[in-house]
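Take a look at the structure set out below.
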Amino acid sequence: VEVYTGLTKTSFRFRQLPNDNFISQHKLLANTSAYTGFTVDYNWLSIGFSKNIPNTSVAKQRTSIEAISIHLRKTHEKFLFEAGTDKYRGLILQVNRRQREYEYYDDLNYRSYFTRITYIFNAERFSLNAARNYSLLQAKSAGSFMAIVSPFFQRFTLKGGFTEYEESDSVFLSEISKRPTSVNLLVSGGYSYNVVFNDGEWSINPGIFI
């Protein structure tokens with residue numbers, strides 16, 4: 001059983017539009033926050049639950065805007081297999097970052113389904129489980145490069161449908177309505193290192209991924 005805390009942030013950026021730079025100058029945010037929770041590990045199965053820490057979310061005063069995630073993972077020799085879904089009920093358009101000015105879209109939702117395969121080049125000496133969730137101990141300090149392939153499906157939905165915005169003056173919602181669903185493939189990589197003390201009893205686990 002593990003107890004943990006962390007910080008997550010999700011944002012969406014849009015490509016440059018011809019003759020209009022409104023949407024490309026702003027980004028869409030999910031109401032993510034700092035969180036705390038616990039994980040129960042048994043053999044290959046890992047079940048976790050986390051909850052946001054009050055007053056750390058993007059829209060502190062908007063309790064109707066939520067972020068919900070379910071992630072499953074399984075390791076096998078040199079591979080880590082993951083699958084899950086992220087759902088954001090209500091999204092936030094950042095208008096002015098310095099003044100923390102936002103526009104709130106309570107009826108605009110986002111859902112994604114993903115799979116992720118991570119290849120560990122130095123799995124003989126480096127344990128990704130020891131770095132990520134401490135279900136295993138790594139006896140000696142070691143690191144590894146990793147390659148990640150992640151196909152995913154994403155969809156924006158609006159209560160009542162997007163058709164009512166097609167001829168409106170809302171540039172933001174009009175552009176999203178042109179392609180509310182998409183299938184994507186993300187390829188990335190990085191490096192992680194486990195600095196181990198006392199034969200794995202304590203460790204520091206820095207890493208960088210792009």
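The values are calculated or read from the model by the stated rules, or taken from the named source; none is laboratory data. The structure displayed is predicted, hence computed values, not measured ones. Positions of Cβ are backbone-derived with ideal geometry, glycine not excepted, and every protein chain shown enters the neighbour counts. In case anyone asks, the SASA skips ligands and DNA or RNA and just uses the protein heavy atoms, side chains included. Shrake-Rupley method; radii C 1.70, N 1.55, O 1.52, S 1.80 Å.
Numbers for the structure displayed
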| quantity | calculated |
| --- | --- |
| Given (1) farther than 24 Å from Asp107 by Cα; (2) modelled with pLDDT under 75, number of the condition Gln61 does not satisfy | (1) |
| Residues (crowded, with 16+ Cβ neighbours inside 10 Å and over 21 Å from the mean Cα position of the chain (by Cα)) located in segment 123-136 | Ala123, Phe126, Ser127, Ser135 |
| Candidate set from segment 64-74 (those that are closer than 26 Å to Thr39 by Cβ and open to solvent by 50 Å² or more (accessible area, probe 1.4 Å)); member that is modelled with the lowest pLDDT | Glu66 |
| Check on Thr36, open to solvent by less than 50 Å² (accessible area, probe 1.4 Å) and modelled with pLDDT of 75 or more | no |
| Verdict on Tyr113 being modelled with pLDDT of 90 or more, assigned to a strand (DSSP E or B) and either open to solvent by 80 Å² or more (accessible area, probe 1.4 Å) or among the β-branched types (Val, Ile, Thr) (or both) | yes |
| Residue count, segment 188-197 (criterion: of a type in the set (A, V, I, L, M, F, W, C) and in contact (Cβ under 8 Å) with a residue 40 or more places away in the chain) | 2 |
| Residue check for Phe145: aromatic (Phe, Trp, Tyr), at pLDDT 90 or above and not in a strand (DSSP E or B) | no |
| Scope segment 195-210; condition among the hydrophobic types (A, V, I, L, M, F, W, C) and modelled with pLDDT under 85; matching residues | Trp202 |
| Tally of residues being modelled with pLDDT under 75, surrounded by fewer than 16 Cβ atoms within 10 Å (Cβ to Cβ) and outside any strand (DSSP E or B) across segment 6-33 | 9 |
| Candidates Arg98, Arg89 - the one that is in contact (Cβ under 8 Å) with a residue 12 or more places away in the chain, open to solvent by 40 Å² or more (accessible area, probe 1.4 Å) and closer than 23 Å to Thr10 by Cα | Arg89 |
